[in-house]
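These notes concern the structure reproduced below.
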């Protein structure tokens, strides 16, 4: 299950920007380093973040679902089909540079997935909206993100309904590739036209909430942002800047 | 935005080897214009990351920007008014999107991106094709098919749009 899991960990209690900043820093650092050892350190940092957020139980399953196929494909594409020299490990012959590259690429994806699954598990969406409102983020942008998040599950349910309805009217979803491509139109059209018709409702909802007004809105219960957390976020920015400075000066790990 | 994410469900039910994850971006480009299409493309990329939990594909947001700009340009030329013009527009978009995605796929992800594209890359690599060429070939091939179908779908949607609804989108009248 991907998403917020209620808890009392330091990350749950932190200002929503702090876990998000930590996850973003992991993402940027993962791309700043390019040796297996350095990427391993970034993975450990992501694991430490998950432990701090008491999120390991919530994220292990989705993490494995997301990263295992990537590791398998990397092993085939780089480990087995990679260039010379090759290592013989029992019945398997692996490319030495390919394995190194697979470790770097797989480690990056693993670190990013762990860090953001942790952020998603520890940042409460309503608290994030309050934090963004308190920071003066335009209401239209907040509404865009939040309404889309709620719209996607509804549209997915509607897609299933349309699929069932069209099949009950005789639409065949099997057969040749050409027949399946032709079946796209009667399935996609009602879905998209319905979504476009909903745009009008969204516009009315935005108008009613004064989205066009440039006035700063007042947050009802803004999360507390301590000096310590602001310093942590500043340190994360500095770490990322230093990593990229080292990378571009040729001293990166 | 949600259209970009939900069409994948229909595609999966039809077992088609495409994504069609840019239909919403192309549609917004044709209906509203490039700025709204870029916003739609980027937000759908972020939403996809939030809903799937996989944020490592965010660099592909650049492809959504390219798609938005191209689609808005060809829409102004009337490419989505007829199927005969939507097909070449889709082929052009496929080439452009593939050419944009391939370097990201190769340099950032070592060619391992999505199941279908990576499977094609692995087959080409197994046949002895160098990795950069295999990644570019797989990316271009899948994007040509994907974006051509996407553009034809957008043309079909625009043709079916009720007049009352179409009147709300000024870019459509141009």
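None of the figures in this text is laboratory data; all of them are computed from the coordinates on show. Remember, it's a predicted structure, so these values are computed and weren't measured experimentally. Ideal geometry is used to build each Cβ from the backbone, glycine not excepted, and the neighbour counts take in all protein chains shown.
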Return yes when residue A:143 is in contact (Cβ under 8 Å) with a residue 60 or more places away in the chain, under 20 Å from the mean Cα position of the chain (by Cα) and more than 27 Å from residue A:62 (Cβ to Cβ) and no when it is not. yes
May I ask you to list the residues in the stretch A:10-48 that are in a loop (DSSP other than H, G, I, E, B) and either surrounded by fewer than 17 Cβ atoms within 10 Å (Cβ to Cβ) or in contact with a strand residue (DSSP E or B) (Cβ under 6 Å, 6 or more places away or on another chain) (or both)? A:34, A:35
Candidates A:106, A:98, A:140, A:82 - the one that is within 11 Å of chain B (Cβ to nearest Cβ) and surrounded by fewer than 18 Cβ atoms within 10 Å (Cβ to Cβ): A:140
Filter the stretch B:1-23 for residues that are crowded, with 19+ Cβ neighbours inside 10 Å, within 14 Å of the chain's Cα centre (by Cα) and either more than 8 Å from chain A (Cβ to nearest Cβ) or assigned to a loop (DSSP other than H, G, I, E, B) (or both) and give the result. B:1, B:4, B:18, B:19, B:20, B:21, B:22
Just the residues that are more than 8 Å from every other protein chain (Cβ to nearest Cβ) and outside any helix (DSSP H, G or I), please, taken from the stretch A:150-173. A:169, A:170, A:171, A:172
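Give me a count of the residues in the stretch B:130-147 that are within 10 Å of chain A (Cβ to nearest Cβ) and either in contact with a helix residue (DSSP H, G or I) (Cβ under 8 Å, 6 or more places away or on another chain) or not in a loop (DSSP other than H, G, I, E, B) (or both). Write out each step before concluding.
Going through the stretch B:130-147, the residues within 10 Å of chain A (Cβ to nearest Cβ) turn out to be B:130-131, B:134-135, B:145.
Cutting the leftovers down to either in contact with a helix residue (DSSP H, G or I) (Cβ under 8 Å, 6 or more places away or on another chain) or not in a loop (DSSP other than H, G, I, E, B) (or both) gives us B:131, B:134-135, B:145.
Total satisfying the criteria: 4.
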Give just the number: which of (1) in a helix (DSSP H, G or I); (2) within 11 Å of another protein chain (Cβ to nearest Cβ); (3) touching a helix residue (DSSP H, G or I) at 6+ places or on another chain (Cβ under 8 Å) does residue A:179 not satisfy? (3)
(1) more than 29 Å from residue A:120 (Cα to Cα); (2) part of a helix (DSSP H, G or I): which one isn't true of residue B:28, the others all being true? (1)
